[in-house]
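What follows is a short report on a single structure.
The values are calculated or read from the model by the stated rules, or taken from the named source; none is laboratory data. Quantities reported herein were computed from a predicted structural model and do not represent experimental measurements. Cβ: placed from backbone, ideal geometry, glycine included. Neighbour counts: every protein chain shown.
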Amino acid sequence: MKLDAHQHFWKYNESDYAWISDELSVLKRNFLPDDLAEELQKQGLDGCIAVQARQSVEETKWLLSLANAHDIIKGVVGWVDLRSATVLQDIKQLAQNPKLVGMRHVLQDEEDLSFILEPAFMNGIQALQDNGLTYDLLVFEHQLPMVSQLVKQFPDMKFVLDHIAKPKIKDKTLQPWKDHLLHLAQYKNVSCKLSGMLTEADWNNWTITDFEPYLQQVFACFGADRLMFGSDWPVCKLAGEYSDALNVVSQHLKKYSKTAQAKVMGINCEQFYLNK
């Protein structure tokens, strides 16, 4: 299968999606499975992993209901309060649906990320691991050192870094992202999504060459065995179309073997999320 490892759905309303400011007005509408199905068909992809956009258990349940109704959704990365005293029971209940493949928290918005090293949070990570679930790491580059400390504690847990940790592509700077990424990549239980890059570039004036230094570095760090394509649709529409997000990755992949291309475009995603 060719798979999109990272995209979102929502029924837009102002209260649930307050982060969608007027500057992001292109996102102020519904984005649902039928909309994505058209994009996947045009680009020759077979399915997707739907990732949470709201931090609530209701969001997780809603995405799972969409997955049950639409075959293109191969798995759901939801949300649960990993610091809750009832986290194990909460996860077990949600995991009764086999489409649940992992969890995520919007760590990038946390001013103090030290809580991810506290016993309550790590207990939640252990509960995910015990139930065969994965964890998506959504952080900025300056938060990567703390993330490295977390993943070091769980060598058998499957982690994936979203959006290559959002380097400053618009500014064309590589440090400190490059060094932080090298350190994190030494932990072989961490994979990385080639996603979210369009929106880290200059939305209106990017060129495909802007991404090349970052893609080169990510491949040097993780290799083709630990990378997976993700569109970040519909958020990618702030700076381009679905086809643009795909083209940034597929053009770079031409440098690699057909086997490597197949891994990045679906095999790795399937093995990471769907082979429990």
### Query
Where in region 155-230 are there strands (runs of 3 or more DSSP E), lying fully within it, with 3 or more residues that are under 29 Å from residue 73 (Cα atoms), in contact with a Cys (Cβ under 7 Å, 6 or more places away or on another chain) and modelled with pLDDT of 95 or more?
none
### Query
Can you find even one residue in region 221-235 that is farther than 24 Å from residue 9 by Cβ and in contact with an Asp or Glu (Cβ under 7 Å, 6 or more places away or on another chain)?
no
### Query
In the set 132, 75, which member is of a type outside the set (A, V, I, L, M, F, W, C) and either on the phi < 0 side of the Ramachandran plot or free of Cβ contacts under 8 Å to residues at least 24 places away in the same chain (or both)?
75
### Query
Among the residues of region 123-145 satisfying the criterion of being charged (D, E, K, R) and under 18 Å from residue 113 (Cβ atoms), which is surrounded by the fewest Cβ atoms within 10 Å (Cβ to Cβ)?
141
### Residues located in region 212-250, provided they are crowded, with 24+ Cβ neighbours inside 10 Å and either more than 17 Å from the chain's Cα centre (by Cα) or not hydrophobic (A, V, I, L, M, F, W, C) (or both)
214, 230, 231, 232
### Query
If you go through region 146-157 one residue at a time, do you hit one that is of a type in the set (Lys, Arg) and either surrounded by 21 or more Cβ atoms within 10 Å (Cβ to Cβ) or within 16 Å of the chain's Cα centre (by Cα) (or both)?
no
### Query
Counting just the residues of region 67-100 that are among the β-branched types (Val, Ile, Thr) and part of a helix (DSSP H, G or I), which one comes out farthest from residue 5 (Cα to Cα)?
87
### Message
Just to be sure I understand, how many residues within region 31-82 are closer than 29 Å to residue 126 by Cβ and among the small types (Gly, Ala, Ser)?
### Response
7
### Task
Scan region 251-265 residue by residue and report those that are more than 16 Å from residue 196 (Cα to Cα) and under 17 Å from the mean Cα position of the chain (by Cα).
263
### Message
Would you confirm, using the coordinates I've provided, whether residue 54 is under 18 Å from the mean Cα position of the chain (by Cα) and either surrounded by fewer than 22 Cβ atoms within 10 Å (Cβ to Cβ) or assigned to a helix (DSSP H, G or I) (or both)?
### Response
yes
### Query
Has region 44-54 got any residue that is acidic (Asp, Glu) and within 23 Å of residue 274 (Cα to Cα)?
yes
### Query
Of all residues in region 104-149, how many are farther than 15 Å from residue 55 by Cα, assigned to a helix (DSSP H, G or I) and not hydrophobic (A, V, I, L, M, F, W, C)?
13
### Residue count for region 236-256, restricted to those that are under 27 Å from residue 31 (Cα atoms), out of contact with any Ser or Thr (no Cβ under 8 Å at 6 or more places or on another chain) and part of a loop (DSSP other than H, G, I, E, B)
2
### Query
So how many residues does region 174-211 have that are under 22 Å from residue 241 (Cα atoms) and either without any contact (Cβ under 8 Å) to a residue 24 or more places away in the chain or crowded, with 18+ Cβ neighbours inside 10 Å (or both)?
16
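With the requirement that a residue be touching a strand residue (DSSP E or B) at 6+ places or on another chain (Cβ under 7 Å) and of a type in the set (A, V, I, L, M, F, W, C), what does region 158-182 give you?
159, 160, 161, 164, listed by residue number.
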